[in-house]
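Below is one structure, written out as structure tokens; the observations come after it.
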Amino acid sequence: MRTLRNTLRVPVARGALAVLLLVALLAVFGGQLAPQDPLAQDTAHVLQGPSGAHLLGTDYLGRDVLSRLLSGTGLSVAGALEAVGAALVLGIVPGLASLWLGRVFEWTALRAVDALMALPFTLFAIAAVGVLGNGLHQAMLALGVLLAPLFFRVTRAAALGLRQVPYVEAAELMGASRSWVLRRHIWSKVLPTVAVTTAQALATSLLTVTSLTFLGLGVQPPAPTWGGMLASDLGFLAQQPWAPVLPGVLIMLTVGALHLLADALRDGGAADAVRPVRAAATAPVREEKADAAVAA
């Protein structure tokens, strides 16, 4: 909580959270806010510019662009959240378990992580879609598997230094269970690092989801997605050169806000970690002043 309070004091972090809150609202209520049916075609009004009936114009099939942008936000964001959720489960649990389940499990987990980190995101997702079928869940599960090593390494590195601290060893010697030690002493210290990694992973997964839908994978047309709209608009640049800018700006703002939030969380966690060190460093000075005051 202290890290979150430190983060909220930064104006950039508040701006990033405002952008992400807006995107989250569009993801949840975009379909209800869409002024028209995003799948309805009107061949009599193809590739029209902005007007009263279509605030952002129409695409090559006469569909309302604003409605498709609003409706497509949900699928794009949901795909990124699904991938990161799978990565959290597949990465954090083995990362913490590798410190307590012995050398065999640790060696096996580390070798599996090394193998997964050598695989490229997009190509592995395409291969998984080819094997498991062209669907959003299959693609996001594959992406979550590739993001899991990131959370594994970050969680393990953060918990490794806490494994040997005196209060953890004392708790274990007094009979505390491993689950209690993890909940009480380890997880609260690891959580800020995991939060930073989650924000970065969301940005990465959102770009990967956009890339896959740009290629026509994961979500089948005519369902609207940011990547799918970007791909279809590129074919009509002569008629509507501004059209790819609309989904591109949404992608840029969302990814940029996630990176800014990750930086702010990192700075907030660093400030939280430095505070006890400063307190310890200034304690002797305060004691000397107090002794001098008493002597006087």
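Sorting the segments 239-247, 162-170, 258-266, 92-100 by their mean number of nearby beta carbons within 10 angstrom, highest to lowest, gives 258-266, 92-100, 239-247, 162-170. Here the Karplus relation 6.51 cos²θ - 1.76 cosθ + 1.60, evaluated at θ = phi - 60°, turns the backbone of segment 43-50 into coupling constants of 5, 7, 10, 8, 6, 8, x, x Hz, with x for every Gly and Pro.
Here the extension length gained between Val19 and Leu101 equals 25.3 nm, from 0.36 nm per residue of separation less the Cα-Cα distance. Footprinting exposure proxy ranking of Phe152, Phe214, fewest other C-beta atoms within 10 angstrom first, gives Phe214, Phe152. Using the Cβ-Cβ distance between Ala78 and Met117 with R0 set to 22 Å, the FRET efficiency from 1/(1 + (r/R0)^6) comes to roughly 0.30.
Each residue of segment 92-99 was assigned a 3J(HN,Hα) from its phi angle through the Karplus expression (A = 6.51, B = -1.76, C = 1.60, θ = phi - 60°), giving 6, 4, x, x, 6, 5, 5, 8 Hz with x at Gly and Pro. Per-residue packing, averaged as other Cβ atoms within 10 Å, sorts the ranges 63-72, 81-90, 129-138 into the order 63-72, 81-90, 129-138, beginning with the highest.
Full extension of the chain between Thr43 and Lys189 gives 46.8 nm of extra length, using 0.36 nm per residue less the Cα-Cα distance. Each Lys and Arg adds +1 at its Cβ and each Asp and Glu adds -1 at its Cβ; summed about the Cα centre, the chain shows a dipole of about 960 debye. The Cβ shell under 12 Å around Leu261 holds other residues with a net charge of 0, Lys and Arg each +1, Asp and Glu each -1.
Dividing the helix sum by the residues of the chain, where each DSSP H run of 4 or more adds -39500 (n - 2.57), gives a mean residue ellipticity at 222 nm of -25000 deg cm²/dmol. Compared with the dominant Cα axis of the chain, that is its longest principal axis, helix 11-33 is turned about 40°. Across segment 2-295, C-alpha contacts under 8 Å between residues 6 or more apart give a mean separation that, scaled by the residue count, equals a relative contact order of 24 percent. Only one of the values (i) 19.6; (ii) 22.1; (iii) 22.6 was calculated from this structure for Kirkwood radius over Cα pairs in Å; name its label. Entry (ii).
Taking the charge dipole of the chain about its Cα centre, with +1 at Lys and Arg Cβ atoms and -1 at Asp and Glu Cβ atoms, the residue from Trp100, Pro192, Pro241 reaching farthest to the positive side is Trp100. Estimated from the Cβ-Cβ distance and a Förster radius of 45 angstrom, the FRET efficiency linking Leu234 and Arg5 is about 0.55. Rounded to the nearest 10 degrees, the inclination of helix 121-132 to the longest alpha-carbon principal axis of the chain is 70 degrees. Taking the C-alpha atoms only, the angle from helix 102-117 to the longest principal axis of the chain is near 30 degrees.
Computed from the coordinates by the stated procedures, all read-outs in this text should not be read as laboratory data. Computed from a predicted structure; not experimentally measured. In this analysis, Cβ positions are derived from the backbone assuming ideal geometry, glycine residues included, and neighbour counts consider all displayed protein chains.
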